[in-house]
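Participant: One structure, as structure tokens, below. Some questions next.
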Number of protein chains: 2
Amino acid sequence: MGTTQLETAPEPKYWHLKTVLSEALDSEFAVGEILPNERELAARFGVARATLRQALEQLELEGRLQRRRGVGTTVAPPRMGVAVDPARHTWPGAPGDDWQPLDAVETETVPAAVARLLESVPGDRVHIVRRSRVTGGQPVAAELLYVSSALVPARSTLTPLGAPARARAVLNALQESELEGQDRTVELGSACAQDAKELDRLPGAPVLVVTTRYVSGGRTAAVAVSTYRADTCRLTFGESDAVALLAG
Amino acid sequence: MGTTQLETAPEPKYWHLKTVLSEALDSEFAVGEILPNERELAARFGVARATLRQALEQLELEGRLQRRRGVGTTVAPPRMGVAVDPARHTWPGAPGDDWQPLDAVETETVPAAVARLLESVPGDRVHIVRRSRVTGGQPVAAELLYVSSALVPARSTLTPLGAPARARAVLNALQESELEGQDRTVELGSACAQDAKELDRLPGAPVLVVTTRYVSGGRTAAVAVSTYRADTCRLTFGESDAVALLAG
DNA sequence: TAGTGGTCTAGACCACTAT
DNA sequence: TAGTGGTCTAGACCACTAT
């Protein structure tokens, strides 16, 4: 009779709900369309609002829905393909790099993980360049780029400049250090308050954290921590953009 | 008086709780240690259990905690660095590839997104190889590798073989097609029931979905959809394993 | 069998958006 | 000001693990 061991456990309501909603999104809704509100959807499916919200949260995590407080829940467009390394090795500030420099500050306090990558010791000074990335009019990523002060002209040269110009000056200095390699990690994170604001999301929203280490002369010259919206972005890597183009 | 516009909004309880717990984890707990149970923690902090759970969920998402039903909540070890492309271009089944082939089936039904990447038309047959990846005794990823049947010897050659041998035969055929390039995407997903079972998680658990396209003779020879546990893995890319080694 | 995290309910109130 | 999603409560019961 095919006694399958584990099918005795009933499927949770929110999981079933997610499936039903997912199919409805495919067949009955267009991108951008507004769904009925949570109270009405919950009543329609005969579940508590919290249960309905569990299903919506999953669908938002998968990039199928977008929820905005005070506005409503809309059907999300397919995720954007975002090239993490547009050409093979695009250096910060070089042509093909579509990050916008915002400002730069010099400091001694960097996160422990970054200090480890930079092989810096307490007291070493570091420039932090803030950059943002916008695609299709929408913010997709925020970045903090940490550059060893050893590579950058003395502060006195920078201080008279405006914030974006100061940021560009640090990027230029980084490029002159003749970067020769990079490696990366990607992991799941949740947006801190500042990232959330820049990405137009609530704090805690899921993000893909890309940590890039730039190598120059065998040493780590800079570390970038880039925070991408996980709901709207699909990161693309590699030789061609074919995956990005086709999988849309 | 520094009237900051947005600081009027009070910090949610669960957010504050997350911060407090996070600091406690850093200073007062060792990896693997069991936390007090949810009912006790909620009472201790004077919040409802649901609120406490919101904080724990965030910490689990960030890889700080591991929760297991019937067992308890433990302090998670730092995420493992998992090399997505160990050497530059490691082909499926080649030396350096640490995926374990499980079995292989031939079918006509593939997900729409995969069919698009394979440029296959309805009726085209495809081999699906299931593989799994284990690191440090723990399952970290599950994969479905889709290979155009055009590249694989006739079915009659394969049927007498056992499941893992059949899978290896398909991988061998793929290697003989002289793969010459690959590109990838990474995005956030949630584990389907089958992946969840293989990864020892509950359905819906957050995963990093890596889609790899293997190119041979200018055409897409195969597509791999690999599902990594987002709680325990940090994906590493690039020339050296330095990031993986240092960021631990 | 006792203890754990997972699911679910039926409310209440709040922050935010748009009008 | 009305309507939305976000936060929070105080319960109940269930599935699972270990003993």
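Participant: For B:ALA230, which sequence-distant residues (separation of 5 or more, or a different chain) have an amide H within less than 5 Å of its own amide H, given hydrogens modelled in the peptide plane?
Facilitator: For B:ALA230, whose amide H was placed from the backbone, the distant partners under 5 Å are B:VAL207, B:LEU208.
Participant: Quote the convex hull volume per residue of region A:92-178, based on C-alpha atoms, as a whole number of Å³.
Facilitator: Taking only Cα atoms, region A:92-178 has a hull volume of 104 Å³ per residue.
Participant: Here's something else I'd like to know. Counting only residues 5 or more places away or on other chains, whose amide H sits under 5 Å from the amide H of B:ALA83 once H atoms are built in the peptide plane?
Facilitator: HN-HN under 5 Å from B:ALA83: B:THR236.
Participant: Which cross-chain or sequence-distant (5 or more) residues have an amide H under 5 Å from the amide H of A:SER216, H modelled 1.01 Å from N in plane?
Facilitator: A:GLU180, A:ALA221
Participant: Compactness ratio of region B:1-116: Cα Rg over 2.2 N^0.38 Å, N = residue count?
Facilitator: In units of the 2.2 N^0.38 Å rule of thumb, it is 1.64.
Participant: Another one. Any idea what the dipole of the protein assembly as shown comes to, in debye rounded to 20, about its Cα centre with Lys/Arg Cβ at +1 and Asp/Glu Cβ at -1?
Facilitator: 1000
Participant: Taking a cut-off of 26 Å between Cα atoms, list the lysines near A:LYS197, but don't count ones fewer than 8 places away on the same chain.
Facilitator: Reachable lysines: B:LYS13, B:LYS18.
Participant: For the pair A and B, how large is the buried accessible area, both sides, in square angstrom to the nearest 100, if the probe is 1.4 Å?
Facilitator: Approximately 3700 Å² gets buried when A meets B.
Participant: So what is Rg over Rh here for region A:52-145, counting just Cα atoms and using Kirkwood for Rh?
Facilitator: Answer for region A:52-145: 1.10.
Participant: Which distances, shortest first and in nm, link A:PRO95 to the matching position in the other copies, using label points set 7 Å out along Cα to C-beta?
Facilitator: 4.2
Participant: What are the ³J(HN,Hα) values, in whole Hz, obtained from phi via the Karplus relation 6.51 cos²θ - 1.76 cosθ + 1.60 with θ = phi - 60°, for each residue of region A:36-42 in sequence order, with x given for Gly and Pro?
Facilitator: My calculation for region A:36-42 gives x, 6, 4, 5, 5, 4, 4 Hz in order.
Participant: Using the Kirkwood radius over Cα pairs, work out the Stokes-Einstein diffusion coefficient for region B:80-236 at 25 °C and 0.890 mPa s, in µm²/s as a whole number.
Facilitator: The diffusion coefficient I find is 155 µm²/s.
Participant: Given the convex hull of the Cα atoms of region A:13-75, what is a quarter of its surface area in nm²?
Facilitator: 3.8
Participant: Using a Debye calculation, one point per C-alpha and no hydration shell, please list log10 I(q)/I(0) for the protein assembly as shown at q = 0.13 Å⁻¹ in order.
Facilitator: After summing over all Cα pairs, the log10 values are -1.45.
Participant: Once phi is turned into θ = phi - 60°, what whole-Hz ³J(HN,Hα) does the Karplus curve with 6.51, -1.76 and 1.60 give for every residue of region A:169-186, x standing for Gly and Pro?
Facilitator: Each residue of region A:169-186 in turn: 4, 5, 4, 4, 4, 5, 5, 5, 7, 6, 5, 10, x, 8, 9, 9, 10, 10 Hz.
Participant: Applying the Karplus parametrisation 6.51 cos²θ - 1.76 cosθ + 1.60 with θ = phi - 60° to the phi angles of region A:193-202, what ³J(HN,Hα) value in whole Hz is obtained for each residue in order, glycine and proline being reported as x?
Facilitator: 4, 5, 4, 4, 5, 5, 8, 6, 10, 7
Participant: Could I ask something else about it? Which of A:VAL110, A:GLY218, A:ALA196 sits farthest toward the positive end of the charge dipole of the protein assembly as shown, with +1 on the Cβ of Lys and Arg and -1 on the Cβ of Asp and Glu?
Facilitator: A:ALA196
The values are calculated or read from the model by the stated rules, or taken from the named source; none is laboratory data. Since we're looking at a predicted model, the values are computed, not measured. Reconstructed Cβ throughout: ideal geometry from the backbone, glycine too, with neighbour counts over all protein chains shown. For the accessible areas, the whole protein counts, side chains as well, though only heavy atoms, and no ligand, DNA or RNA atoms are used. Shrake-Rupley method; radii C 1.70, N 1.55, O 1.52, S 1.80 Å.
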